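Here's the structure we're looking at; comments come further down.
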């Protein structure tokens, strides 16, 4: 039974297995798992955690997270029920305001296939949410969120107020944003600017992107996307790892994908310690062989 009043309308689960919500299918139970439906419930939940001195974590699809095998001794707040979108037509283009829990792939499909809007084709197939994509400036196939984001609303839980971030204030760079360097800010919604295009061309680009993903990436096995960030402009991590002879290297159920060495997969029964061992071994070997220090793109969440 929950002994904390998070508000009667917020869906709450006790000792919820995080493996059910992780794309890695790894993780023990969260002491409390909350599923707010709107920003008011999210803000109320966050403020309650702060008032009750409970540690908390804001999560979308958990598509690049590695939860500890023991779970999380606190409150995990999932935003996936916050998925509304609003279309605003202006002379200079179409602006789409999407809530933080909106699936990025669903948004790309919706704007492209239903509304013939171009600019988010690169995002089709990225498994995260809008909030997570803004947080890490997600990108693929020559595009990234910084190309289209014009404004973001966030909750500053330290100041207990909603703030608006515009343009260069986002501090976007490769896999980085203001939100990644400012723990007190929680993305509530973001607005992207797109333009009208040809529906058939947009559809063709998205299909090409998805086909490429299926051919090159190990989508058939649980994983958390690219294991490491790109260490340089013309340095390809997958090739480095493969050239180091690590393709297929495994610890327990965790393995460097035999399909694409830039991914670590759960071949069945992998633990978070298995994955972390694979990551640390890979970093050590690549550093020793090539003098390149790899930085994990997967975020480990301790108990």
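Computed from the coordinates by the stated procedures, all read-outs in this text should not be read as laboratory data. Everything numeric here is computed off the predicted structure, so don't read it as measured data. Cβ coordinates were reconstructed from backbone atoms using ideal geometry, including for glycine residues, and neighbour counts include every protein chain displayed.
Report the extension gain between residue 196 and residue 293 in nm, rounded to one decimal, defined as 0.36 nm multiplied by the number of residues separating them, less their alpha carbon distance.
Roughly 30.7 nm would be gained on extension.
Within 10 Å, count the other beta carbons around each residue, average over each peptide in 222-228, 278-284, and list them highest first.
Details: 222-228: 22.6, 278-284: 17.1.
Put in order of decreasing packing, that is 222-228, 278-284.
Could you let me know the centre-to-centre spacing of the range 222-255 and the range 65-101, using Cα atoms, in angstrom?
The range 222-255 and the range 65-101 have Cα centres separated by 28 Å.
Hey, in the GNM for the chain with a 10 angstrom Cα cutoff, which one of 229, 158, 113 fluctuates hardest?
So, out of 229, 158, 113, the one fluctuating most is 158.
Can you tell me how much longer the chain between residue 229 and residue 156 gets when fully stretched, taken as 0.36 nm per residue apart minus their C-alpha distance, in nm with one decimal?
Using 0.36 nm per residue and subtracting the Cα-Cα distance, I get 23.5 nm.
Using a Gaussian network model on the chain with a 10 Å cutoff between Cα atoms, which of 27, 139, 131 fluctuates the most?
Looking only at 27, 139, 131, the largest GNM fluctuation is found for 139.
Just rank 99, 297, fewest to most, by other beta-carbon atoms within 10 angstrom.
Values: 99 25, 297 17.
By the 10 Å Cβ count, ascending: 297, 99.
Provide the gained length on full extension for the span residue 9 to residue 267, in nm with one decimal, where the gain is 0.36 nm per separating residue minus the Cα-Cα distance.
89.1 nm
DSSP beta bridges in the chain, what fraction antiparallel, as a percent rounded to 5? Intermediate values should be presented prior to the final figure.
Numbers: 45 of 56 bridges.
In the chain, approximately 80 percent of DSSP beta bridges are antiparallel ones.
Computed from the coordinates I sent, P(r) over Cα pairs in 10 Å bins from 0, in percent equals one of (1) 6, 26, 33, 25, 9, 1; (2) 6, 21, 27, 25, 15, 5, 1, 0; (3) 6, 29, 38, 23, 5, 0. Tell me the label.
Calculated P(r) over Cα pairs in 10 Å bins from 0, in percent: the matching label is (1).
Given the DSSP H assignment, sum -39500 (n - 2.57) over each helix run of at least 4 residues in the chain and divide by its residue total; what's the result at 222 nm in deg cm²/dmol, nearest 500?
-7500 deg cm²/dmol
Taking the simple approach of a point 7 Å from Cα along Cα-to-Cβ for both residue 106 and residue 166, what is their distance in nm?
Placing both labels 7 Å beyond Cα along the Cβ direction yields 3.0 nm.
Set the Förster radius R0 to 35 Å, insert the Cβ-Cβ distance between residue 303 and residue 204 as r into 1/(1 + (r/R0)^6), and round the FRET efficiency to 0.05. Mind dumping the intermediate values first?
Numbers: r = 46 Å, r/R0 = 1.31.
Step by step, r from the Cβ atoms, then E = 0.15.
FRET efficiency for residue 114 and residue 215, Cβ-Cβ distance as r, R0 = 22 Å, nearest 0.05? Please list the in-between numbers first.
Values: r = 26 Å, r/R0 = 1.20.
The formula returns an efficiency of 0.25 here.
How much FRET efficiency would the formula 1/(1 + (r/R0)^6) give for residue 281 and residue 243, where r is the Cβ-Cβ distance and R0 is 25 Å, rounded to 0.05?
About 0.95, to the nearest 0.05.
In the calculated pair distance distribution of the range 84-222, what percentage of Cα-Cα distances lie above 17 Å?
Values: 5613 of 9591 pairs.
Counting pairs separated by more than 17 Å, the tail of P(r) holds 59 percent.
Taking the chain as a Gaussian network, Cα atoms linked when under 10 Å apart, which of 186, 256, 235 shows the biggest mean-square fluctuation?
Greatest mean-square fluctuation among the candidates belongs to 235.
Of the DSSP beta bridges with both residues in the range 11-78, give the percent that are antiparallel, rounding to the nearest 5.
Bridges in the range 11-78 that DSSP calls antiparallel: roughly 45 percent.
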